[in-house]
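Let me begin by presenting the structure, written as structure tokens, before commenting on it.
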Amino acid sequence: MRTHPIVPAELAWTTAPDGTPLPTAPAFGDVYHAAAGAFAQARHVFLAGNGLPGRWAGRERFVILETGFGLGNTFLATWAAWRDDPARCGRLIFVSLDKHPPRQADLRRTHAASKAPELARQLVEAWPPLTPNLHTLSFEAGRVQLILGFGDIADLLPALVLQADAFYLDGFAPARNPDMWAGPLLQRLHRLAAPGATAATWSAARGVRDALAAAGFTVERTPGFAGKRDMTVARFEPRYQAAAPAGGLLTPSCERQALIIGAGLAGCAAAWGLAEQGWSSTVIDATDAPAQAASGNAGGLFHAIVHGEDGIHARSHRAAALATAAVAGPWLRDGRLAGSDAGLLRLDRKTDEGQAAALLQRQGWPQDTLQWLGQHDARERSGLAVPCGGWWFGQAGWLSPAGYAHALLQASGAGFIGRSRVARLERRGLLWAALDAEGRCLGQAPVVVVATAHQAAELLRPWTDAPLPLSAVRGQVSVLPSGLPGVTLPSHPVAGAGYALALPDGRLVCGATTQHDDADPTVRAADHEHNLAQAVRLGALHADAVPAAMAAAQGRVGWRAVTPDRLPLIGAVPLLPPPGTRADQPRLIPRLRDEHGGLFVLSGLGSRGLTWAALAGRLLASWVSGCPSPVETDLRDALDVGRWTARQQPAGTSD
């Protein structure tokens, strides 16, 4: 998917006939809503036009796709209607796209006199950085989700993975913003429409009605709002509905219960992501408590990455880091979790100030999300005598891995079974059973998620002919005690040629080593030497203090589950495709289905488990529950466990 810098909306205000401020968009020469009121317009056009709230009554989940977020009034009116409806659906997922989203300050001013002040306050506080991602905002303990897509609708609409029950077709007038209402674009709605989906818009333009008809909708006019004669409503009634691809959204017909094998960050994130979608889970682990293996370090970093070309790795890590900041931030502030989201410095010897300025201008990063700091400013910000400048990530920091895993698990409400090693999986009718080495059943459920790091491949081997490319990479961290002479604690975490972070009790964590094909569990002096040498280069340890630091250092060894492309494995267990079928894209790879369905993977988080956990959990939940994907199609493919199988297939083969 193409990404472009996000250009925020430029707002102006005029006065409505009743004296209230009326926001306008000078660039389009149009108003954001009718003078008669944004909430009244939303209720007449979009809610009533889609048969709401009646159509969501009794549903477990209802998905709305809006083509122009504007200032969020239609979302707020829908959220308020959901809140006021005793027969509301269990979960409301509202997906909204906007090429020119407002700045947080403009959003706050706009909603200063909102018809739903408490809901507006929550929206403003949760407002994300204006980066070209899908951003998931969670409200009502996860029962209301707003997925914001910032960017050109022509790029975003084909990149969505969802089934919408209702479409809100909004935006500035077709005559002023024709690209938003282009016929070929609206015709793409058929791919995103759930059976029986509806659509509504205040526009009655012939081109809009013709495009909806071409997309498989039955279209009619109804009375418009505030003196407007007509508006358009439509119902999805296609003559033919194409089958979903093998790696598309699944439609589970089972009870919403899952067994999760593994209680590290991956397993706890899976339980949390599923709980957001109304699923209950039981997590099974060989240890006596969650997060005892690779997730047991005293502290770890989370942050985005920046590349000259905003490619798959950069976009996916940015989405993951922003998700972590949004999820962990409230827990940090209320004391449930140790860590900080106040920013992180990543050193970069290969980039100078001119190159950094050109990249920032080309990619359009918001200043509060990414800045370049020269060496002087980097030293001021970090409190260390760092050897060069680097990138300052605003939505980044450090977390206690075990604390984060516990917080995710607690928020999920999942059960935990410890001291129980799953040796194999067995299919029993419509359920999966997890068995230990003696054949005892540790638990059973219609869905199993294997989140056991590098052991996942062995557990899944009997159920798939498509091997998982996971390897175990050894790492050792070093921890120096509080008050050790020669140690300088960074005021913010510093990464690049190793890392250094200060724990609240004054200890310094530095590391970490990376060793392939190394099963040695002992803490090694040579690894401490490596980590302390990095701490010296970062300015966190004086060279003369190394001997004393070697004597005082404590260490911890763990193994990361790593894939060859350093991206996680997430999704339904793949199978090798039959000969002669096209399977050169992950979404075309066949999966376990029918009587053997319900087997999923979340693994391969590598050394970035803190960065990946929240986004990975939500993406896993999308695979399991069929809710909208929290990432665009190409990112979903890049994280799909079936991508390795697809890469082994000849391009473009067909029946």
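The values are calculated or read from the model by the stated rules, or taken from the named source; none is laboratory data. Keep in mind that what you see is a predicted model, and the values were worked out from it rather than measured. Virtual Cβ from ideal backbone geometry, glycine too; neighbours counted across all protein chains shown. All accessible areas refer to the heavy atoms of the entire protein, side chains included, with ligands and DNA or RNA removed. Shrake-Rupley method; radii C 1.70, N 1.55, O 1.52, S 1.80 Å.
Points worth noting:
- With every protein chain in place, the range 54-190: carbon and sulfur % of accessible area (1.4 Å): 48 percent
- Whole-number accessible area per residue in Å² for the range 95-191, which is evaluated in the context of all protein chains at 1.4 Å: 37 Å²
- Once both labels are positioned 7 Å from their Cα atoms along Cα-to-Cβ, the gap between D544 and Q355 label points is 3.6 nm.
- Gyration tensor verdict on the chain (Cα atoms; rounded if a/c is under 1.5, prolate if a/b is larger than b/c, oblate otherwise): oblate
- Largest to smallest principal axis extent of the C-alpha atoms in the range 571-613, angstrom: 40, 25, 12
- Selected from W127, F28, I64, residue furthest toward positive end of dipole (the range 1-149; charges at beta carbon): I64
- Counting 0.36 nm for each residue step from F28 to R221 and taking away their Cα separation leaves a gain of 66.9 nm.
- Solvent exposure of E118, expressed as accessible area, is near 80 Å², computed with a probe of 1.4 Å over the protein chains only.
- Rounded accessible area of D505 (nearest 10 Å², 1.4 Å probe): 80 Å²
- Cα shape, the range 215-357, gyration tensor, a/c 1.5 rule: oblate
- Considering the range 95-156 at the alpha-carbon level, its Rg and Dmax are found to be 12.0, 34 Å.
- Taking the Cα centre of the range 84-160 as origin and assigning +1 to Lys and Arg Cβ atoms and -1 to Asp and Glu Cβ atoms, the resulting dipole is close to 160 debye.
- Surface accessible to a 1.4 Å probe, per residue, for the residues of the range 530-577, Å²: 38 Å²
- Anisotropy class of the range 1-148 from Cα gyration tensor, a/c 1.5 cut: oblate
- Computed over protein heavy atoms with a 1.4 angstrom probe, the accessible surface ordering of E140, E632, E458, largest first, is E458, E140, E632.
- Dipole axis of the chain (+1 Lys, Arg; -1 Asp, Glu on Cβ), positive-most option in G343, A271, A445: A445
- Listed by chain and number, the aspartates and glutamates placed with their C-alpha closer than 19 angstrom to that of K228 are D18, D30, D170, E220; residues fewer than eight positions away on the same chain are left out.
- Helix-only [θ]222 nm of the chain, DSSP H runs n ≥ 4, -39500 (n - 2.57) each, per residue, nearest 500: -7500 deg cm²/dmol
- Scaled radius of gyration (Cα, divided by 2.2 N^0.38 Å) that the range 484-560 gives: 1.07
- Taken about its Cα centre, the range 191-268 carries a charge dipole of roughly 280 debye when the Cβ of each Lys and Arg holds +1 and the Cβ of each Asp and Glu holds -1.
- Exposure of L431 as accessible area (Å², to 10), given a probe of 1.4 Å and all protein chains: 60 Å²
- Modelled FRET efficiency - R0 51 Å, E140 with A533, Cβ distances, 0.05 increments: 0.55
- Peptides ranked, highest mean first, by Cβ atoms within 10 Å: ranges 604-613, 125-134, 265-274, 152-161: 265-274, 604-613, 125-134, 152-161
- Heavy-atom SASA rank of T514, T645 (probe 1.4 Å, accessible area, largest first): T514, T645
- For the range 354-411, accessible area per residue (1.4 Å probe, heavy atoms of protein chains only), Å²: 40 Å²
- Take every DSSP beta bridge whose two residues both sit in the chain; close to 65 percent of them are antiparallel.
- List S482, S340, ordered by accessible area with a 1.4 Å probe, largest first: S482, S340
- Proximal charge balance of Q455 [Cβ under 13 Å; K/R count +1, D/E count -1]: +2
- Simple spin-label estimate for T581 and R566 in nanometres, 7 Å along Cα-Cβ: 3.4 nm
- Estimated inter-spin distance, R59 and A243, nm [label 7 Å along Cα→Cβ]: 2.6 nm
- Nearest-20 debye value, the chain charge dipole, Cβ charges on Lys, Arg, Asp, Glu: 780 debye
- Highest average first, the peptides 75-82, 547-554 ordered by how many other beta carbon atoms sit within 10 Å of their residues are 75-82, 547-554.
- Neighbour net charge for L107 - beta-carbon separation under 11 angstrom, K R +1, D E -1: +2
- Residues in the range 466-487 reached by a label modelled at C388 [backbone nitrogen below 20 Å; 7 Å Cα→Cβ]: none
- Taking a Cβ cut-off of under 13 Å around P53, the surrounding Lys, Arg, Asp and Glu residues balance to a net charge of +2, with basic ones at +1 and acidic ones at -1.
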